[in-house]
Amino acid sequence: MPAHVIECDIAIVGGGITGSACAYYLARGGVRVALLEQYDLNTQASGRNAGSLHGQYQLTPYRTMGREWATQYVPAMRFLVDSITMWRNLAEELGTDLEVTGNGGLLVADTDELAAVVEEKVRFEAAQGFTAELVTGKDLRQLAPYLAPTIVAAEYCATEGTVNPLLAAPAFARAARRHGAEVLTGTTVTAVNPASGSFSLETTGPTITCAQVVLAAGAGLADLAAPLGDALPIVDEPVQVQVTEPVAPTVPHLVYYAGGKLTFKQSHSGSLIIGGGWLASVDAASGYPHVRMDSMRQNLDVAARVAPWIAPLAIVRSWAGVGSVTPDLAPIIGESSTPGVFFGMFPHMGMTGGPLMGLTLAQLVRGAPTTVDITSFAPGRFTPVTT
């Protein structure tokens, strides 16, 4: 009996925010799309992050990678800011409340030395045209009374906000289905085979034949790219997040700390979501990420330094996920060395950039002008990896 075959115009590998958004924008334009996900939709990085919408430079790479890197990263930063603009209108477009907030973010400092670092960063970002403001004294107390009295200064970035990561990618996938996209979960792509101007995708389910392929599989992207002749230096990074018991509405902002790894914000349910990139562990046999208690303790210690009233709160849930990182921290968007295959991923901040990434990939595969300049994000910018 012949194997089951699904024919489509474009196959998209990866059922997270980028893949689901790309499927939606393509299907809405009348393209026959098949969205393929190895597990269930949104169960990997897009559903395991803390839901931050980042609109400012993250302090650690800004300090450690230097001014030259920061200048080169400007297009990536603008990409994130433009994507946040899209987030604000998606609830109506997709017919789902995504719990998007836009109250801004605060990078806080509790020493004069850290305050000077934050002030210098504000000057750099403002010079590049980004929203950045230094807030101190009475203005800071009025803006964020929930912070510790030891906090002496903060960068306020009005662009930033939050989203519920459990809702976003599934909303895109549902909208793609409404426009005719075929969504296959539990379907692992084992090979992408060029075949006379088209492609045949071998999977653990049906064979997929298509004219073009979008690879947006995040942590699995490098493995899929290698047989096509593309060496993408993507490194997987397991991190974790903690969630507290619900409390009264207190924290309207996305909060970072200049003195250590931290993000925290308050969800619609009242829980505080506390993260910041603390490392999780990975089971050697299964490859499944697990929470590390030492990372949890250190993360909570940093959070309590910024807002001491957090300390007595019970942690009701914690989870780990695997993110993907590139050497320059910039996204990979563009065509493979195998024509007809396209890559899309944004390191660390894939949730923030997901809507614009999906739209950009949809434009790219259809040969349309892209909304943003993606020249500096080309896959070929990396020196080939040798073994």
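Compare Glu120, Glu99, Glu155 in a GNM of the chain, Cα atoms joined below 10 Å, and give the one with the largest fluctuation.
Answer for the Gaussian network model of the chain: Glu120.
Around Ser324, with a cut-off of 11 angstrom between Cβ atoms, what is the net charge of the other residues, counting Lys and Arg +1 and Asp and Glu -1?
-2
Given C-alpha coordinates of the stretch 225-358, what is the ratio Rg to Rh with the Kirkwood estimate of Rh?
Result: Rg/Rh = 1.06.
I need Thr209, Thr204 ordered by Cβ neighbour count within 10 Å, fewest first.
Arranged by neighbour count, lowest to highest, Thr209, Thr204 become Thr204, Thr209.
Return the aspartates and glutamates within reach of Lys261: Cα separation strictly under 12 angstrom, same-chain partners fewer than 8 residues apart disregarded; answer none if there are no such residues.
Asp301
Averaging sequence separations of C-alpha pairs under 8 Å and six or more residues apart, then dividing by the length of the stretch 191-256, give the relative contact order as a whole percent.
17 percent
To the nearest 500 deg cm²/dmol, what mean residue ellipticity at 222 nm is calculated for the chain from DSSP H runs of n ≥ 4 alone, each contributing -39,500 (n - 2.57), summed and divided by the residues?
For the chain, the value works out to -9500 deg cm²/dmol.
Report the net charge of residues surrounding Gly15, where surrounding means a beta-carbon distance below 10 angstrom and charges are Lys +1, Arg +1, Asp -1, Glu -1.
-2
Taking the Cβ of Ala132 as the centre, find all other residues whose Cβ is under 14 Å away and add up their charges (Lys, Arg: +1; Asp, Glu: -1).
-3
Which of Ile6, Ile315 comes first, and how do the rest follow, when ranked by fewest Cβ neighbours within 10 Å?
Ascending Cβ contact count within 10 Å gives the list Ile315, Ile6.
What are the ³J(HN,Hα) values, in whole Hz, obtained from phi via the Karplus relation 6.51 cos²θ - 1.76 cosθ + 1.60 with θ = phi - 60°, for each residue of the stretch 271-281 in sequence order, with x given for Gly and Pro?
Along the stretch 271-281, the couplings run 5, 8, 9, 10, x, x, x, 6, 5, 9, 10 Hz.
Which one, Pro249, Pro170, Pro194, has the greatest fluctuation when you compute a Gaussian network model over the chain with C-alpha springs under 10 angstrom?
Of the options given, Pro249 has the highest mean-square fluctuation.
Provide the convex hull volume over Cα atoms per residue for the chain, in Å³.
Once divided by residue count, the hull of the chain is 146 Å³.
Compute a Gaussian network model of the chain, connecting alpha carbons closer than 10 Å, and tell me which residue from Val247, Val108, Val214 fluctuates the most.
Maximum among the listed residues: Val247.
The numbers here are math on the coordinates, done by the rules we state, and not lab data. Predicted, not measured: the structure shown is a model, and the values here were computed from it. Note that each Cβ is placed from the backbone with ideal geometry, even for glycine, and that neighbours are counted across all protein chains shown.
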